[in-house]
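Structure record follows, encoded as structure tokens.
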Amino acid sequence: MAAAEFRQLGDYLGSQILGQGALIEGLLIALLCEGHVLIEGAPGLAKTRAVKALAGAVEGRFARIQFTPDLLPADLTGSEVFHPQDASFVFQPGPLFNHLVLADEINRAPAKVQSALLEAMAEHQITVGKKSWRLPPLFMVAATQNPIEQEGTYPLPEAQLDRFLLKLLVEYPSPAMELAILQLNARGEQLTPPPVTLSQADLLAARSAVQAVQMQGRLEHYLVQLVCATRPDSGLCPELAPLIAVGASPRASIGLARAARAKAWLAGRDFVLPEDIQQLAPAILRHRLIPSYQALADNQDNDILIARLLDAIPCP
């Protein structure tokens, strides 16, 4: 599938989810990079609708899991079911065996359930008992969470956050865009059929094309400098060292490079620009940094720290 046809898919998603261009681009980039995405925003901002619209335009099975405090790991992975007829156990696959999985309100489930996703997201396989099952080549987890509710929620552990390629923040629309949303709702809230359906063969071909996008050595050096500068002992950004307790791992460098290539490919280019790296750095890094007590006392969140980081590291 050519990049132009992929952009047509993006235009369709933009017609169904108004005013959320960054969210749509992030979903497409995650799909191209074999990555997973964490979407954070207040209720009613079309987080679930965006994922369902994408699932309707991609060939494959879709499953939505509503995370609740009483959920069990087996509700995600599946379990062995006893058949009394022949006294045997038969594995019954869970919803994680689909191609696109929506983990709705993922922070409402306890850590034991959240951790059931770790192996699937990192290794594309699920182990139950003594046996492992491979997941399909097309496997993507899109998780949503509500940042304003704290009661009855369980923060995601850092190890799981690191498995998400992107963390996207969904903001409120402008008044003009909200009026357009109101008019769209008045015409009917159901999603319209997509003009193009992305087959798995087309997606695999697009992923290969993304990997062929060129990144100059100086940009690779710049990218690594950005990620390494988040580590307090690197010495690359002394002014930020007291504000960051834990920095990003090499997984962030790999993810940022892949995402920058995907962004360039979607723009119709076969080479990466510095702007691709800079624009994606917040989504790649914001969930991989742990601010220090000093940063929290100064009301400097991760996005502010990343903005200061981009200003401090010279761009080639």
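The values are calculated or read from the model by the stated rules, or taken from the named source; none is laboratory data. A quick note: this is a predicted structure, and the numbers were derived from the prediction, not measured. We place every Cβ from the backbone using ideal geometry, glycine too, and count neighbours over all the protein chains shown. The accessibility values were calculated without ligands, DNA or RNA, using every heavy atom of the protein model including side chains. Shrake-Rupley method; radii C 1.70, N 1.55, O 1.52, S 1.80 Å.
Details
- Test: residue in the stretch 297-310 that is open to solvent by 60 Å² or more (accessible area, probe 1.4 Å), within 21 Å of residue 38 (Cβ to Cβ) and in a loop (DSSP other than H, G, I, E, B): yes
- Residue in the stretch 60-81 that is free of Cβ contacts under 8 Å to residues at least 12 places away in the same chain and over 18 Å from the mean Cα position of the chain (by Cα) present: yes
- The residue that is nearest to residue 37 (Cα to Cα), among those in the stretch 165-204 that are open to solvent by 50 Å² or more (accessible area, probe 1.4 Å), among the aliphatic types (A, V, I, L, M) and in a helix (DSSP H, G or I), is 204.
- Residues in the stretch 231-260 that are in contact (Cβ under 8 Å) with a residue 24 or more places away in the chain and part of a helix (DSSP H, G or I): 242, 243, 251, 252, 253, 255, 256, 257, 258, 259, 260.
- Residue 228, sole failed condition from (1) farther than 30 Å from residue 18 by Cα; (2) surrounded by 18 or more Cβ atoms within 10 Å (Cβ to Cβ); (3) in contact (Cβ under 8 Å) with a residue 40 or more places away in the chain: (3)
- Considering the stretch 61-95, and only residues there that are of a type in the set (Gly, Ala, Ser) and assigned to a loop (DSSP other than H, G, I, E, B), the residue that is least open to solvent (accessible area, probe 1.4 Å) turns out to be 94.
- Within the stretch 96-122, the residues that satisfy the criterion of being modelled with pLDDT of 85 or more, in a helix (DSSP H, G or I) and of a type in the set (A, V, I, L, M, F, W, C) are 96, 97, 106, 113, 117, 118, 120, 121, 122.
- Inspection of the stretch 21-30 finds a residue satisfying the criterion of being in a helix (DSSP H, G or I) and surrounded by fewer than 17 Cβ atoms within 10 Å (Cβ to Cβ).
- Taking the stretch 273-296 as the range and being assigned to a loop (DSSP other than H, G, I, E, B), open to solvent by 30 Å² or more (accessible area, probe 1.4 Å) and either touching a strand residue (DSSP E or B) at 6+ places or on another chain (Cβ under 9 Å) or within 22 Å of residue 250 (Cβ to Cβ) (or both) as the test, only 286 passes.
- Within the stretch 39-58, being surrounded by fewer than 18 Cβ atoms within 10 Å (Cβ to Cβ) and without any contact (Cβ under 8 Å) to a residue 40 or more places away in the chain holds for one residue alone: 44.
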